[in-house]
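FYI, it's all coordinate maths here, none of it is from the lab. Fair warning: this is a prediction, and the values are worked out from it, not measured in the lab. Quick reminder, even Gly has a Cβ in these numbers, built from the backbone with ideal geometry, and neighbours come from all protein chains shown.
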């Protein structure tokens, strides 16, 4: 070993010795050692809600993750609220272990993060202001500079807009904006179109009747699996987590959780089990 290699080896030994064990360990080792899963969260109805008075969490993601943690014999700790645009950065810097609110798995995110098995699937459709019939014959006309698409920076609607309709203008909302602000933007005429889950649009219409409408020609623009997200490369944790997730799915407990929060029966596309 030459002098440079020896110095480098000694430096690495000292660095690892001084590094906090929680950072040196794998996520699997860290969770078992500390006995807890640290989860950041995104408030998104009906996946995860936070009671402003009791601070208690509920929703499909919150209830499912709490049950998974119990199956694994560890404690679930909700650490901080994060926006979609920066949630992966916190995973990479070990501020938290995973994202508690299920997110849509896609290729862009897969370059930087990893995902659990799907809990269920969601579809995304196009919406306009009520009475707007310009795109009823075909959504292809949206790829035009005369239209403006409402997007949240770093969120799926922005990815779809840039990929499918690059020539349309964009109304960019900040990362911490609520999904309802997309629909408010089109209902007030600030933008022409927004891409959202039909269930969220239906919930918006309950409080804002006759304000928006699904584009008549709009088939689902995307169908995405709703998954839990954690850092890339944590294969042992992923295997352990998915085993617990499959257990609550096969027992019927996951179905009970989804049905409890579903705005209407069979609104979400279910995952077909191998034995069905």
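Observations on the model:
- Here r is the Cβ-Cβ distance between residue 210 and residue 121 and R0 is 30 Å; the resulting FRET efficiency, rounded to 0.05, is 0.55.
- Of the beta bridges in the chain, as assigned by DSSP with both residues counted there, near 60 percent are antiparallel.
- Cα-only Debye scattering, region 180-276: base-10 log of I(q)/I(0) at q = 0.11, 0.14, 0.25 Å⁻¹: -0.51, -0.75, -1.36
- Per the Debye formula on identical point scatterers at the alpha carbon atoms of the chain, with no solvent, log10 I(q)/I(0) at q = 0.06, 0.12 Å⁻¹ is -0.23, -0.80.
- Cα centroid of region 26-53 to Cα centroid of region 74-141, whole Å: 16 Å
- With neighbours defined as other Cβ atoms within 10 Å of a residue's Cβ, the residues 259, 272 order from fewest to most as 272, 259.
- Cα→Cβ-extended label distance, 7 Å offset, between residue 45 and residue 75, nm: 3.2 nm
- The base-10 log of I(q)/I(0) for region 49-91, evaluated at q = 0.19, 0.20, 0.25 Å⁻¹, reads -0.73, -0.80, -1.03 [Debye formula, identical scatterers on Cα atoms, solvent excluded].
- 63, 178 arranged by Cβ crowding within 10 Å, fewest neighbours leading: 178, 63
- Ellipticity estimate at 222 nm from DSSP helix runs (n ≥ 4, -39,500 (n - 2.57)) divided over the chain, nearest 500: -11000 deg cm²/dmol
- Treating r as the C-beta distance of residue 178 and residue 251 and R0 as 22 Å, the FRET efficiency rounds to 0.05.
- Extent of region 122-223 along its three principal axes (Cα atoms, max minus min coordinate, largest first): 33, 32, 27 Å.
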